[in-house]
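Visitor: One structure is given below, represented as structure tokens, and several questions about it will come after.
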Amino acid sequence: SAVISQKPSRDICQRGTSLTIQCQVDSQVTMMFWYRQQPGQSLTLIATANQGSEATYESGFVIDKFPISRPNLTFSTLTVSNMSPEDSSIYLCSVAQGGLAGNEQFFGPGTRLTVL
Amino acid sequence: AQTVTQSQPEMSVQEAETVTLSCTYDTSESDYYLFWYKQPPSRQMILVIRQEAYKQQNATENRFSVNFQKAAKSFSLKISDSQLGDAAMYFCAYRRIQGAQKLVFGQGTRLTINP
């Protein structure tokens, strides 16, 4: 299984500022994903980070608000821009590994963001 | 669009007893994957068990097993001999085999283990 680390593990930010979350994987992976988990809620996919091309965003999420980088097959960043208290959530990085038959997704430990 | 529904926001069980968590889903696809993930207070998402829709046999992983009813689009998780460490949020999830690889999650069930 892939080992995934995220930085920072948590942060408290002021509204109007931006925060960049880093996701590092210990092996090369094809697909990386960013999920949001609002307080007491389930996980919702923000976007799929594609290496060498633009990220693919889900409905309700836009690049200006959540710009994503994927410079190589082991690293990705998610920026939460112009933050408001509604952005307070846990942000999780996830990777897919293996062929179609064993294409499991593994999750990082998450970044807990609080916006004041 | 695919949807996943967990109708039990909370469940509790006595230690060493058996508990079943419910999950239903909606899809027009014939082949797909279904998963149960566990999220303890540490918030680390842990894969508990996986089921391929084309397999009729129910998946089993030690004390964890599923009851997969494809026609009914039902995918319940049974935890036998419940342990204190099983206390967590449990999420049911769906993923297509072809195309987009994203996971679609249910709302989650909070499981409490009573000693």
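The values are calculated or read from the model by the stated rules, or taken from the named source; none is laboratory data. Quantities reported herein were computed from a predicted structural model and do not represent experimental measurements. Because the Cβ atoms are built from the backbone with ideal geometry, glycine has one as well, and the counts that use them run over all protein chains shown.
Visitor: Name the residues in region B:41-52 that are more than 14 Å from B:ILE79 (Cβ to Cβ) and either within 12 Å of chain A (Cβ to nearest Cβ) or surrounded by fewer than 19 Cβ atoms within 10 Å (Cβ to Cβ) (or both), would you?
Guide: B:PRO41, B:SER42, B:ARG43, B:GLN44, B:MET45, B:LEU47, B:ARG50, B:GLU52
Visitor: Checking the conditions here, which among B:LYS38, B:LYS78 is in contact (Cβ under 8 Å) with a residue 60 or more places away in the chain, assigned to a strand (DSSP E or B) and either within 14 Å of chain A (Cβ to nearest Cβ) or farther than 30 Å from A:THR111 by Cα (or both)?
Guide: On inspection, the qualifying residue turns out to be B:LYS78.
Visitor: Ok, one more. From the list A:ARG112, A:ARG70, pick out the single residue that is modelled with pLDDT under 95 and among the basic types (Lys, Arg).
Guide: Of the residues listed, the single one that is modelled with pLDDT under 95 and among the basic types (Lys, Arg) is A:ARG70.
Visitor: Keeping to region B:4-35, report how many residues are under 24 Å from A:VAL95 (Cβ atoms), more than 11 Å from chain A (Cβ to nearest Cβ) and either among the β-branched types (Val, Ile, Thr) or part of a strand (DSSP E or B) (or both).
Guide: So the answer is 4.
Visitor: Counting just the residues of region A:1-18 that are in contact with a Pro (Cβ under 8 Å, 6 or more places away or on another chain) and crowded, with 16+ Cβ neighbours inside 10 Å, which one comes out nearest to A:VAL62 (Cα to Cα)?
Guide: Among those that are in contact with a Pro (Cβ under 8 Å, 6 or more places away or on another chain) and crowded, with 16+ Cβ neighbours inside 10 Å, it is A:GLN6.
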